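Visitor: Before anything else, here's the structure in question.
The values are calculated or read from the model by the stated rules, or taken from the named source; none is laboratory data. Here the structure is a predicted model, which is why all the values come from computation and not from measurement. Methodologically, a virtual Cβ is constructed for each residue, glycine included, from the backbone with ideal geometry; neighbour enumeration extends over all protein chains shown. Side chains included, ligands, DNA and RNA excluded: accessible areas come from the protein's heavy atoms. Shrake-Rupley method; radii C 1.70, N 1.55, O 1.52, S 1.80 Å.
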Amino acid sequence: MLAGRHRALAEIDLEAIRHNVRRLRRGLPAGAVHCAVVKANGYGHGAVPAACAALEAGSTWLGVAAVAEAEELRAAGLAAPILIFGPMTGAELEAAVVAGADVVVWSASFLAAAQQLGARVHVKFDSGMGRLGVTEQEARVLCAGAAQDGLLVGLMSHFATADEADTAFFEYQLERFAALAGELGALYPGLLCHAANSAATLRAPRAHFGMIRTGIAMYGLAPGNDDPFKDDLRPAMKVCSYVAGVREVAPGESVGYGRRFVADAPTRIGIVPIGYADGVRRLLTNCGDVLVAGRRCRISGTISMDQLTVRLPDDWGGPGDEVVLFGAAGDGVDGRPGESWTAASGPRRDAAGAPRILCEEVARLLQTINYEVVCDVAPRVVRRYRGAGPAA
Ligand SMILES: *Cc1c(COP(=O)(O)O)cnc(C)c1O
């Protein structure tokens, strides 16, 4: 048993979030603002702590997908303007108004409901995402209607391919949005035009307009699921557990459900109390790596609901060794301050010199993207925060 450590921990570095926000805000045109996207519990990082860190670093807006998310921010005492991106039922619209949140409009009927309640609106133009949003002509009509009641705040759009190597469709969307923003911005002084997500923000300053809305990059993750360090982003989340038990397995013996790992030589297996119910996808069975006390090891045997097993290196430290699912090893956070990092057999190091598994690497193994990996971290994984800013 280990004192003072949780079985499974998501450690969130708030200073990393502040750094990323400052990095994203650098290069914004004068007067342009940053909307910190904290939907989905701040991409798993905790919506309220992530929002607070972003506001400390200069963000002025908060973006969420659902009205309950806006209510959570208000309940925590956050007074910044909030924009709710997603579709809403009538009851949700009422709740949004009570929460003092702005809403997105893409139909005449929803605008009418918003007008009835006095909701502040952002009109969504579909420049090519092919999901929600209206044509240029419909956007003109919706803006005129909202402006008549003094409820028009913004004109927005969303990019479908800002993270892809081929920029042609991105440029097409950007051009369409720029034209409409120019036209309606001239008609409605102060109209807040915004389209850029993280990928567009990093790729094209021309896409910044009056506000950027960034989620993934704010958490230090690469929008293209490649390398966050190339854009000077710092990953904010680390997910770890520890070696809770050890088992010496003889040749021919197996480990775990389905006997998916069978030792071909005497093997030392570590039992780690984190599993798929914590968000470690079962697909990583026999193919994902973890860092045990800073050394890269293979997950060996079926990942079960609450546990996984890993083949320990010869020079492991002992029961209680930190096991990192993604993030940097050590750092003194859970005791054992990085003492084994210098081993000649050490794993790959990241730009900061620490053994690290990138969230992006895990995502590639799972044939998905980093967004999904952090959103998968389950509620029962305890969130612990470092780098708390000045008390509010
Ligand atoms: C989620 C979302 C964003 C943020 O996207 P990232 O790629 O995480 O930066 C921006 N705008 C809208 C409308 C969104 O739904």
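Visitor: Tell me which residues, restricted to the range 224-239, are touching a residue at least 60 places away in the same chain (Cβ under 8 Å) and away from the ligand (no atom under 12 Å from the Cβ).
Guide: ASP226, ASP227, PRO228, PHE229, ASP231, ASP232, ARG234, PRO235, ALA236, MET237, LYS238, VAL239 - these are the residues of the range 224-239 that are touching a residue at least 60 places away in the same chain (Cβ under 8 Å) and away from the ligand (no atom under 12 Å from the Cβ).
Visitor: Listed residues THR135, THR161; which is open to solvent by 30 Å² or more (accessible area, probe 1.4 Å) and among the polar types (S, T, N, Q)?
Guide: Within the list THR135, THR161, the selection yields THR135.
Each row is one residue, and each column tells you yes or no for (1) at pLDDT below 95; (2) in contact with a helix residue (DSSP H, G or I) (Cβ under 8 Å, 6 or more places away or on another chain).
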residue	(1), (2)
THR89	no, no
VAL104	no, no
GLN115	no, yes
GLY130	yes, no
GLN137	no, no
ALA146	no, yes
SER157	no, yes
GLY182	no, no
TYR188	no, yes
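Visitor: Oh, and also: Of the residues GLU183, GLU138, GLU175, GLU92, which single one is among the acidic types (Asp, Glu), within 30 Å of GLY224 (Cβ to Cβ) and not in a loop (DSSP other than H, G, I, E, B)?
Guide: GLU175
Visitor: Given the conditions (1) among the hydrophobic types (A, V, I, L, M, F, W, C); (2) within 22 Å of VAL382 (Cα to Cα); (3) in contact with a strand residue (DSSP E or B) (Cβ under 8 Å, 6 or more places away or on another chain), report the number of the one that CYS287 does not fulfil.
Guide: Unmet for CYS287, out of (1) among the hydrophobic types (A, V, I, L, M, F, W, C); (2) within 22 Å of VAL382 (Cα to Cα); (3) in contact with a strand residue (DSSP E or B) (Cβ under 8 Å, 6 or more places away or on another chain): (2).
Visitor: Quickly run through the range 6-29 and pick out the residues that are among the small types (Gly, Ala, Ser) and at pLDDT 95 or above.
Guide: Correct list: ALA8, ALA10, ALA16.
Visitor: Taking only pairs six or more apart or across chains, which ones have beta-carbon atoms under 6 Å, a first residue in the range 78-95 that is assigned by TED's automatic domain parsing to the domain that holds CYS35, and a second residue that is assigned to a loop (DSSP other than H, G, I, E, B)?
Guide: ILE82/ALA101; ILE84/ALA101; PHE85/ALA65; GLY86/ALA65; GLY86/ALA66
Visitor: Further question on the same structure: Quick test of your reading of the structure: ASP126 fulfils all but one of (1) more than 16 Å from the ligand (Cβ to nearest atom); (2) open to solvent by less than 50 Å² (accessible area, probe 1.4 Å); (3) charged (D, E, K, R). Name the failing condition by number.
Guide: (1)
Visitor: Among the residues of the range 26-68, which ones are within 16 Å of the ligand (Cβ to nearest atom), more than 22 Å from VAL239 (Cβ to Cβ), in contact (Cβ under 8 Å) with a residue 60 or more places away in the chain and in a helix (DSSP H, G or I)?
Guide: Matches in the range 26-68: none.
Visitor: At negative phi, surrounded by fewer than 17 Cβ atoms within 10 Å (Cβ to Cβ) and within 24 Å of the chain's Cα centre (by Cα) - does that describe any residue in the range 90-99?
Guide: No, every residue in the range 90-99 fails to be at negative phi, surrounded by fewer than 17 Cβ atoms within 10 Å (Cβ to Cβ) and within 24 Å of the chain's Cα centre (by Cα).
Visitor: Please go through the range 224-243 and pick out each residue that is buried (at least 19 other Cβ atoms within 10 Å of the Cβ), over 28 Å from PHE85 (Cβ atoms) and hydrophobic (A, V, I, L, M, F, W, C).
Guide: CYS240, VAL243
Visitor: In the range 209-223, what residues are more than 12 Å from the chain's Cα centre (by Cα) and either within 8 Å of the ligand (Cβ to nearest atom) or surrounded by fewer than 21 Cβ atoms within 10 Å (Cβ to Cβ) (or both)?
Guide: Passing the criteria: GLY210, ARG213.
Visitor: Can you name the residue in the range 164-174 that is among the acidic types (Asp, Glu) and open to solvent by 80 Å² or more (accessible area, probe 1.4 Å) and, of all such residues, is nearest to the ligand (Cβ to nearest atom)?
Guide: Checked the range 164-174; the qualifying residue nearest to the ligand (Cβ to nearest atom) is GLU164.
Visitor: Another question, if that's okay. Which condition breaks for ARG295 when tested against (1) within 24 Å of the chain's Cα centre (by Cα); (2) surrounded by 22 or more Cβ atoms within 10 Å (Cβ to Cβ); (3) over 14 Å from ARG7 (Cβ atoms); (4) charged (D, E, K, R)?
Guide: For ARG295, the failing item is (1).
Visitor: Collect the residues in the range 175-196 that are within 16 Å of the ligand (Cβ to nearest atom) and touching a residue at least 40 places away in the same chain (Cβ under 8 Å), keeping them in residue-number order.
Guide: Passing the criteria: PHE177, LEU192, HIS194, ALA195.
Visitor: Taking ALA3 and the conditions (1) of a type in the set (Gly, Ala, Ser); (2) within 16 Å of the ligand (Cβ to nearest atom); (3) at pLDDT below 95, which numbered condition does it fall short on, given that it satisfies the others?
Guide: (2)
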